[in-house]
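For reference, the structure is listed below as structure tokens.
The values are calculated or read from the model by the stated rules, or taken from the named source; none is laboratory data. Keep in mind it's a predicted model, so treat the numbers as computed, not measured. Positions of Cβ are generated from backbone atoms using ideal geometry, with glycine treated the same way; all protein chains shown enter the neighbour counts.
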Amino acid sequence: MLPDSFFDRPALQLAPDLLGKVIRYRNNGVWLSARIIETEAYLLAEKGSHSSLGYTQKRQALFADGGTIYMYYSRGGDSMNFSAQGEGNAVLIKSGYPYCDAISPESTLLILQANNPDRQGQPRPVEKLCSGQTLLCKSLGLKVPDWDNQRFDQQRLYVEDCGLSVPEVIQTTRLGIPQGRDEDLPYRFVDAQFARYCTKNPLRRGQIEGQDFWRLAAGQPIKA
């Protein structure tokens, strides 16, 4: 389980650092896991963040210490964020990829698929189970009423460093930000190895390196 100190860092540092970490959620006695492959940073000082609209009881997690869970509904689905260093700063877990190991064996993929079937009620392909913020939460079974404004719990929900390598990070602009609300800020981060499985592939045809996205080697500073 990552300590609270891991989350006590600037959101623009925490967002890429969360790539490759594994979310563990104990659902009905079974551990379901997903590797984080896409994140977005949000800051109090910019207009795209929920916290920029001011403190409310619903948004109190965004103003809490780093590592507090903030969940909200997006297009009718559940979305999960982790607060970062400084009031109003957080990281949205934009998408993941199912992760299997001794804690979450391959049999758990069937549970993820049962939690999140496609529109025809058929099993969703494994690579698409967590390819979006609401799909991730639905597959794992994470719900706003259960986890909003909560802390991590090693017996129920936590984030783990499993030593997974992320040799290259793609930095680009966030998705779904309304015009005039700092939509051009490059605060979205994607594990390059999993770019084709994230919400929207930043390396898709037509995207120009140095203009639409930037490649960051491990440990390289992000683009401001």
Condition set under 15 Å from the mean Cα position of the chain (by Cα) and part of a loop (DSSP other than H, G, I, E, B), scope segment 67-102, selection nearest to D153 (Cα to Cα): answer is G67
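Looking only at segment 154-201, which residues are touching a helix residue (DSSP H, G or I) at 6+ places or on another chain (Cβ under 6 Å) and either at pLDDT below 95 or within 25 Å of P221 (Cβ to Cβ) (or both)?
E168, V169, I170, F189, N201
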Just checking, which of R205, R215 is of a type in the set (K, R) and assigned to a loop (DSSP other than H, G, I, E, B)? R205
When both residues are 6+ apart or on different chains and their Cβ atoms are under 8 Å apart, which pairs have a first residue that lies in segment 145-166 and is under 21 Å from D17 (Cβ atoms), and a second that is part of a loop (DSSP other than H, G, I, E, B) and among the hydroxyl-bearing types (S, T, Y)? C162/Y99
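Among residues belonging to segment 103-128 that are β-branched (V, I, T) and assigned to a helix (DSSP H, G or I), point out the one that is nearest to G141 (Cα to Cα).
Among those that are β-branched (V, I, T) and assigned to a helix (DSSP H, G or I), it is I111.
Can you tell which of R9, R24, R35 is within 11 Å of V91 (Cβ to Cβ), of a type in the set (K, R) and at pLDDT 95 or above? Can you show your working first?
Numbers: R24 fails: within 11 Å of V91 (Cβ to Cβ); R35 fails: within 11 Å of V91 (Cβ to Cβ).
Residue meeting the stated conditions: R9.
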Which residue out of A41, A15, A34, A61 is touching a Pro at 6+ places or on another chain (Cβ under 7 Å), at negative phi and either assigned to a strand (DSSP E or B) or not basic (K, R) (or both)? A34
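Here is a list: S131, S139. Which entry is part of a loop (DSSP other than H, G, I, E, B), surrounded by 18 or more Cβ atoms within 10 Å (Cβ to Cβ) and of a type outside the set (F, W, Y)?
S131
Looking only at residues that are of a type in the set (V, I, T) and within 14 Å of P16 (Cα to Cα) in segment 167-196, which one is nearest to the chain's Cα centre (by Cα)? Show your work before the answer.
First, the residues of segment 167-196 that are of a type in the set (V, I, T): 169-170, 172-173, 177, 190.
Those still in the list that are within 14 Å of P16 (Cα to Cα) too: 169-170, 172-173, 190.
On the way: V169: 14, I170: 15, T172: 15, T173: 15, V190: 10 Å.
So the residue we want is V190.
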